[in-house]
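The values are calculated or read from the model by the stated rules, or taken from the named source; none is laboratory data. In this text, all values refer to a predicted model and were calculated from it rather than measured experimentally. Note: ideal-geometry Cβ built from the backbone for every residue, glycine included; neighbour counts use all protein chains shown. Keep in mind that these areas ignore ligands, DNA and RNA; they rest on the heavy atoms of the full protein, side chains included. Shrake-Rupley method; radii C 1.70, N 1.55, O 1.52, S 1.80 Å.
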Amino acid sequence: MNRPDFYKTLGVSRGASLEDIRKSYRKLARKYHPDVNPGDRAAEERFKKISEAYEILSDPKKREVYDAYGAYSENFRPRPGAGAGFDFSGFDFSDLGSSGFSDFFSRMFQGGPEPVRPQGRDLEYQISMSFDDALKGLRTRIAYDRMEVCRSCRGSGQESAARAGTCSLCRGTGKLDQMRGHARLTTNCHRCGGTGRNSRQCASCNGQGRASSPSRLEVRIPAGVQNGSRIRFSGKGEAGLGGAPSGDLYVVAKVTPHPFFERKGDNIYCRVPVTVTEAALGAKIQVPTVDGRSLLKIPPGTQGGQKFRLRGKGAPSLRAARRGDQFVEVRVVVPKIADERSKELLRELAQLNPADPRTGLAQY
Ligand SMILES: [Zn+2]
Ligand SMILES: [Zn+2]
């Protein structure tokens, strides 16, 4: 494990003032916050690192320890009443256990294994939403099951002693008498393990300390999410064991495709039919956008397949305060001519415009 350089992480110098540190943190946090980068694992990692660095450098006492030792641990904290100056006598090493002082420092500097805590698992919840909801954002309540700390035993997995009854097999003695031939043998009761009490395992959670429980959460889905975007809700996953932190909940957006609009990134694509006359002479046509109808001007001589841009009519960007664009592909619809008069006009048109559109193919 490499020890991170918190100053580098926050992009400040070693001598930076608290104000500078705060400013830099706010700027970076805004940029990498999971709410603005749903589904972006790299940004999420970055955000965690920034937060960790800020937590240490924004606290003068923690910063002092970090500056002196190049690392900081919660286990390494001043006793209440200790002076502000850095002094070993002022620190409480009691929760380092028997491994003690030197082991702690060698771990801290060489990076030994972190103590394993059974952190709660992350959960995933798929939320279906319309194309419009994805563009506008959504606030909704979701219900899901998650492992929570058992309320009956408060996570201990044990039934309280008061509620445990007397073992029915040994009648509370904890001992069982057995006859082997003529010999009388006294053994510990196998049902209660010799305690004389019933199994003290919590019945609600089967001794797990956690139980599956229905959970409700109000979620805000930011405007501009796409199919597959993941939005993290910190600590809303499964409860950890023995007071370990909970996992996170990832809400995954499942966006129903739109029959007319197609979304790619922050841009929206669609195809709009125009008549031969409109394409040839130019026209102003009404085009559906996610905000309602918009007027699109197509120039004279527009060809089928040509694309036009409606600026700012795309999806809101999750990364910046701007919207993508809408691209309108023109499809020229050729009329089915049945009457003689129209045929005549078209032949006349051909005579007036004898240019061969296939001259470019002569070389093949
Ligand atoms: Zn329980
Ligand atoms: Zn017993």
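Looking only at residues that are farther than 26 Å from Ser156 by Cβ and outside any strand (DSSP E or B) in segment 174-211, which one is nearest to ligand 1 (Cβ to nearest atom)? Among residues in segment 174-211 that are farther than 26 Å from Ser156 by Cβ and outside any strand (DSSP E or B), the one nearest to ligand 1 (Cβ to nearest atom) is Gly181.
Of the candidates Ser234, Ser246, the single residue that is within 24 Å of Phe47 (Cα to Cα), open to solvent by 30 Å² or more (accessible area, probe 1.4 Å), touching a Lys or Arg at 6+ places or on another chain (Cβ under 8 Å) and among the polar types (S, T, N, Q) is Ser246.
Could you please give the count of residues in segment 50-65 that are open to solvent by less than 20 Å² (accessible area, probe 1.4 Å) and either under 20 Å from Arg26 (Cβ atoms) or out of contact with any Phe, Trp or Tyr (no Cβ under 6 Å at 6 or more places or on another chain) (or both)?
Number satisfying all stated conditions: 4.
Every residue, every condition in (1) away from ligand 2 (no atom under 16 Å from the Cβ); (2) β-branched (Val, Ile, Thr); (3) in the same structural domain as Leu318 (by TED's automatic domain parsing), yes or no:
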| site | (1), (2), (3) |
| --- | --- |
| Val219 | yes, yes, no |
| Pro222 | yes, no, no |
| Ile231 | yes, yes, no |
| Gly235 | yes, no, no |
| Val272 | yes, yes, yes |
| Thr275 | yes, yes, yes |
| Ser294 | yes, no, yes |
| Lys297 | yes, no, yes |
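Condition first: polar (S, T, N, Q) and open to solvent by less than 50 Å² (accessible area, probe 1.4 Å). Now tell me which residues in segment 188-214 satisfy that. Within segment 188-214, just Ser213 meets the criteria. Looking across segment 178-205, the residues that are touching a residue at least 24 places away in the same chain (Cβ under 8 Å) and more than 16 Å from ligand 2 (Cβ to nearest atom) come down to Cys202, Ala203, Ser204, Cys205. Just checking, does segment 144-151 include any residue being within 16 Å of ligand 2 (Cβ to nearest atom) and not assigned by TED's automatic domain parsing to the domain that holds Ile268? Checking segment 144-151: not a single residue is within 16 Å of ligand 2 (Cβ to nearest atom) and not assigned by TED's automatic domain parsing to the domain that holds Ile268. Looking only at segment 133-187, count every residue that is open to solvent by less than 70 Å² (accessible area, probe 1.4 Å) and within 30 Å of Gly228 (Cβ to Cβ) and tell me the total. Residues that pass the stated criteria total 12.
For segment 303-331, the set of residues classified as farther than 28 Å from Ile231 by Cβ, touching a residue at least 24 places away in the same chain (Cβ under 8 Å) and touching a strand residue (DSSP E or B) at 6+ places or on another chain (Cβ under 6 Å) consists of Gly304, Gln306, Val328, Glu329, Val330, Arg331, listed by residue number. Scoring Thr275 on the criteria (1) open to solvent by less than 40 Å² (accessible area, probe 1.4 Å); (2) farther than 30 Å from His33 by Cα; (3) out of contact with any helix residue (DSSP H, G or I) (no Cβ under 9 Å at 6 or more places or on another chain) leaves a single failure, condition (1). Could you list, in sequence order, the residues of segment 223-267 that are assigned to a loop (DSSP other than H, G, I, E, B), without any contact (Cβ under 8 Å) to a residue 60 or more places away in the chain and more than 21 Å from Ala143 (Cα to Cα)? Scanning segment 223-267 gives Pro259, Phe260, Gly265, Asp266. Within segment 339-356, does at least one residue satisfy the condition of being under 54 Å from the mean Cα position of the chain (by Cα) and either polar (S, T, N, Q) or exposed (fewer than 10 other Cβ atoms within 10 Å of the Cβ) (or both)? Looking through segment 339-356, none of the residues is under 54 Å from the mean Cα position of the chain (by Cα) and either polar (S, T, N, Q) or exposed (fewer than 10 other Cβ atoms within 10 Å of the Cβ) (or both).
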